1. If you go through the stretch 57-90, how many residues are over 15 Å from the mean Cα position of the chain (by Cα) and touching a residue at least 24 places away in the same chain (Cβ under 8 Å)?
2. Within the stretch 114-124, how many residues turn out to be surrounded by 14 or more Cβ atoms within 10 Å (Cβ to Cβ) and either in a helix (DSSP H, G or I) or among the β-branched types (Val, Ile, Thr) (or both)?
3. Among the candidates 132, 72, single out the residue that is of a type in the set (Gly, Ala, Ser) and either touching a helix residue (DSSP H, G or I) at 6+ places or on another chain (Cβ under 6 Å) or part of a loop (DSSP other than H, G, I, E, B) (or both).
4. When the residues of the stretch 40-53 are narrowed to those that are in a strand (DSSP E or B) and out of contact with any helix residue (DSSP H, G or I) (no Cβ under 8 Å at 6 or more places or on another chain), which ends up surrounded by the fewest Cβ atoms within 10 Å (Cβ to Cβ)?
5. Residue check: is residue 93 surrounded by fewer than 14 Cβ atoms within 10 Å (Cβ to Cβ) and free of Cβ contacts under 8 Å to residues at least 12 places away in the same chain?
6. Take the stretch 138-154 and flag every residue that is crowded, with 18+ Cβ neighbours inside 10 Å and under 16 Å from residue 58 (Cβ atoms).
7. Looking only at the stretch 99-113, decide whether some residue is closer than 26 Å to residue 21 by Cβ, without any contact (Cβ under 8 Å) to a residue 12 or more places away in the chain and assigned to a strand (DSSP E or B).
8. Report whether or not residue 133 is among the β-branched types (Val, Ile, Thr), surrounded by fewer than 19 Cβ atoms within 10 Å (Cβ to Cβ) and under 26 Å from residue 23 (Cα atoms).
Amino acid sequence: MTNGPTSVPTYVYVTYIRASAEQVWQALTDADLTARYWGHANVSDWQPGSTWEHRRVDGSDAVDVVGQVIKAEPPTRLVITFEDAPDAETPREPSVVTFLVEPHQDIVRLTVTHEHLPNQEMLNGISRGWPAVLANLKSLLETGDVLPQAPWEMSRGHA
């Protein structure tokens, strides 16, 4: 799937989590929970049109990603813009992330679609980042704790 003849492909990641849709929604939108499994607090009121910030929890309070909430349909669909270079000299259109939470009995299928990527470099980065973040989210919801090491710190030689 592409956005045009010279565009970067859309990234899609699917995982299955033993949790309710409400638990997954809370994990995606609660700043304290995102801080636990992502190392960043995702801060917003999660209303359409509102901004959100991906704020470091290392004491610096630095914001690495910003965006806007496009859609929020608790507990099944969240669509946000994702701008990882908000202070760049040459502004670009933000990419878009959709979280689709589909409940099925005692599990959910979480599909993360990241589209309108500006370049191959960003595709490479999120291709390592999303699986690590979502593995940590899955572990937290299923066991009550995150993985013993931050999965995004794993070297490429081990991947």
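No value in this document is a laboratory result; all are computed from the given coordinates. Computed from a prediction, not measured in an experiment: that's the story for all the values here. With ideal geometry, Cβ positions are generated from the backbone for all residues, glycine too; neighbour counts draw on all protein chains shown.
1. Final tally of qualifying residues: 2.
2. 2
3. 132
4. Among residues in the stretch 40-53 that are in a strand (DSSP E or B) and out of contact with any helix residue (DSSP H, G or I) (no Cβ under 8 Å at 6 or more places or on another chain), the one surrounded by the fewest Cβ atoms within 10 Å (Cβ to Cβ) is 51.
5. So residue 93 fails the test.
6. Within the stretch 138-154, 146 is the sole residue that qualifies.
7. Within the stretch 99-113, one or more residues are closer than 26 Å to residue 21 by Cβ, without any contact (Cβ under 8 Å) to a residue 12 or more places away in the chain and assigned to a strand (DSSP E or B).
8. no
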